[in-house]
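Report on the following structure.
The values are calculated or read from the model by the stated rules, or taken from the named source; none is laboratory data. Computed from a predicted structure; not experimentally measured. Glycine also receives a Cβ, built like all others from the backbone with ideal geometry; neighbour counts cover every protein chain displayed.
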């Protein structure tokens with residue numbers, strides 16, 4: 001189907017699919033905003049749950065419609081969707097009259113034009129008859145997938161664990177110039193320049209995504225006709241229910257401005273702007289966040305959503321953080337000092353003992369706001385101490401200062417190396 005998609009037919013197809021989903025009585029389709037407040041409640045949801053749209057839109061969340069005992073399971077679906085992973089679970093939904101029924105449900109994150117999450121789509125099928133419920137869920141997921149395939153302003157591509165292209169949407173065809181039949185089954189290294197391939201960048205990007213869950217970068221990519229374009233590329237690792245890596249989701253958005261220029265301030269933090277990397281460098285600054293809680297990582301992602309000059313990396317524990325820091329040499333590290341098993345001072349000593357990370361500024365994030373705790377952290381060598389819950393303005397201010405310090409350290413190191421080379 002993708003090979004026959006045209007710019008004119010995509011909006012028409014999308015509207016047809018949207019109308020079909022809204023009027024479908026066979027399954028419940030519930031769309032929410034980014035805070036999970038219900039915005040769309042289709043005919044199937046009304047039939048299945050007994051509420052009218054007017055009774056729930058803007059008032060309830062899907063969690064309010066689930067058995068409270070299973071609310072945590074629903075929240076897991078949302079967190080999983082926010083990280084780009086698709087999954088489904090059996091949940092007990094509660095009708096307006098108080099009766100309950102089993103359903104198979106899946107949650108998918110919905111993205112806006114700039115790649116930020118704007119909401120979630122919950123699809124639920126009455127699982128009274130298991131086989132029929134599973135079949136209906138697959139059909140509903142297929143309808144949503146067809147809508148994704150209609151998107152033409154960004155490339156959304158599924159890769160297997162080796163980087164082979166498994167799916168191809170209209171945006172990928174417009175951006176990269178390949179028809180589906182020309183690229184399906186081919187390795188995504190085709191989108192890199194010969195120089196980048198020789199440097200091993202395709203495999204490096206896959207390895208980084210597999211190690212951190214999500215890897216974002218910027219660079220030039222090659223179209224089918226040999227021309228190039230500059231883009232922001234996000235690779236998200238996709239795992240099955242047992243934790244085995246199944247492949248990757250690749251989202252590509254063409255850049256409309258030079259990333260070496262300062263980006264606009266983040267919404268909610270007027271006047272705050274991070275300094276760009278050293279002059280002449282188009283690479284984004286690298287922030288490594290040591291955090292095991294997806295929701296906390298997602299919050300920092302939201303703070304940095306408009307900062308295309310900052311690449312956010314995640315390590316779920318201190319050992320992985322040390323390895324990743326030595327590999328990618330982050331400009332700044334944000335450490336949740338309350339993580340189980342993390343000795344903050346010992347973590348810092350390990351970094352300071354390595355020439356690669358000995359000068360990297362480390363921001364501490366802790367739950368103790370007492371002046372003594374803050375003073376102790378600063379005396380230990382942390383660049384800043386941020387308190388929970390993390391707020392946008394102090395975080396962006398601390399990050400800006402840390403990145404400026406890192407830039408000065410790089411400039412001093414480069415100057416020293418240049419003088420040494422000149423003497424020799």
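Scan the stretch 381-396 residue by residue and report those that are surrounded by 17 or more Cβ atoms within 10 Å (Cβ to Cβ) and in a helix (DSSP H, G or I).
Matches in the stretch 381-396: 392, 395, 396.
Matching residues to (1) crowded, with 16+ Cβ neighbours inside 10 Å; (2) in the same structural domain as residue 286 (by TED's automatic domain parsing); (3) in a loop (DSSP other than H, G, I, E, B):
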{"position": "339", "(1), (2), (3)": "yes, yes, yes"}
{"position": "356", "(1), (2), (3)": "no, yes, yes"}
{"position": "363", "(1), (2), (3)": "yes, yes, no"}
{"position": "375", "(1), (2), (3)": "no, yes, no"}
{"position": "379", "(1), (2), (3)": "no, yes, no"}
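Looking at 121, 159 in this structure, which one is at pLDDT 85 or above, in a strand (DSSP E or B) and over 23 Å from residue 65 (Cβ atoms)?
Working: 121 fails: over 23 Å from residue 65 (Cβ atoms).
Just one listed residue meets the conditions, 159.
Could you tell me whether any residue of the stretch 68-80 is at pLDDT 85 or above and at negative phi?
Scanning the stretch 68-80 turns up no residue that is at pLDDT 85 or above and at negative phi.
Identify all residues within the stretch 25-47 that are assigned to a strand (DSSP E or B), more than 16 Å from residue 66 (Cα to Cα) and in contact with a helix residue (DSSP H, G or I) (Cβ under 8 Å, 6 or more places away or on another chain); write none if there are none. Don't jump to the end; show me each part of the working.
Filtering the stretch 25-47 down to residues assigned to a strand (DSSP E or B) leaves 28-33, 38-41.
Narrowing the set further to residues that are more than 16 Å from residue 66 (Cα to Cα) leaves 33, 39-40.
Hit for the stretch 25-47 is 40, nothing else.
When the residues of the stretch 287-300 are filtered to those that are modelled with pLDDT under 85 and either in a helix (DSSP H, G or I) or under 11 Å from the mean Cα position of the chain (by Cα) (or both), which remaining residue is nearest to residue 117 (Cα to Cα)?
298
Residues that are touching a strand residue (DSSP E or B) at 6+ places or on another chain (Cβ under 8 Å), assigned by TED's automatic domain parsing to the domain that holds residue 307 and touching a residue at least 60 places away in the same chain (Cβ under 8 Å): list the strands (runs of 3 or more DSSP E) wholly contained in the stretch 168-258 that include at least 1 such residues. Can you show your working first?
Values: elements: 214-222, 228-239, 245-254.
Output list is empty.
Which condition number in (1) outside any helix (DSSP H, G or I); (2) modelled with pLDDT under 80 is the one that residue 327 fails?
Result: residue 327 fails condition (1) only.
Which of the following residues is touching a residue at least 12 places away in the same chain (Cβ under 8 Å), assigned by TED's automatic domain parsing to the domain that holds residue 398 and either crowded, with 19+ Cβ neighbours inside 10 Å or closer than 21 Å to residue 373 by Cβ (or both): 288, 299? Give the derivation first.
Working: 299 fails: either crowded, with 19+ Cβ neighbours inside 10 Å or closer than 21 Å to residue 373 by Cβ (or both).
None of the other options fit; the residue is 288.
Among residues belonging to the stretch 176-221 that are in contact with a helix residue (DSSP H, G or I) (Cβ under 6 Å, 6 or more places away or on another chain) and modelled with pLDDT of 90 or more, point out the one that is surrounded by the fewest Cβ atoms within 10 Å (Cβ to Cβ).
Let us first name the residues in the stretch 176-221 that are in contact with a helix residue (DSSP H, G or I) (Cβ under 6 Å, 6 or more places away or on another chain), namely 179-181, 189, 192, 197, 202, 215, 221.
So of that shortlist, the ones also modelled with pLDDT of 90 or more come out as 189, 192, 197, 202, 221.
Values: 189: 17, 192: 20, 197: 15, 202: 17, 221: 20.
Going through the qualifying residues, I end up with 197.
Of all the residues that make up the stretch 302-321, how many are within 19 Å of residue 380 (Cβ to Cβ) and either modelled with pLDDT of 85 or more or surrounded by fewer than 17 Cβ atoms within 10 Å (Cβ to Cβ) (or both)? Before the answer, list the steps.
Within the stretch 302-321, the subset within 19 Å of residue 380 (Cβ to Cβ) is 318, 321.
Still in the running and either modelled with pLDDT of 85 or more or surrounded by fewer than 17 Cβ atoms within 10 Å (Cβ to Cβ) (or both): none.
So the count comes out to 0.
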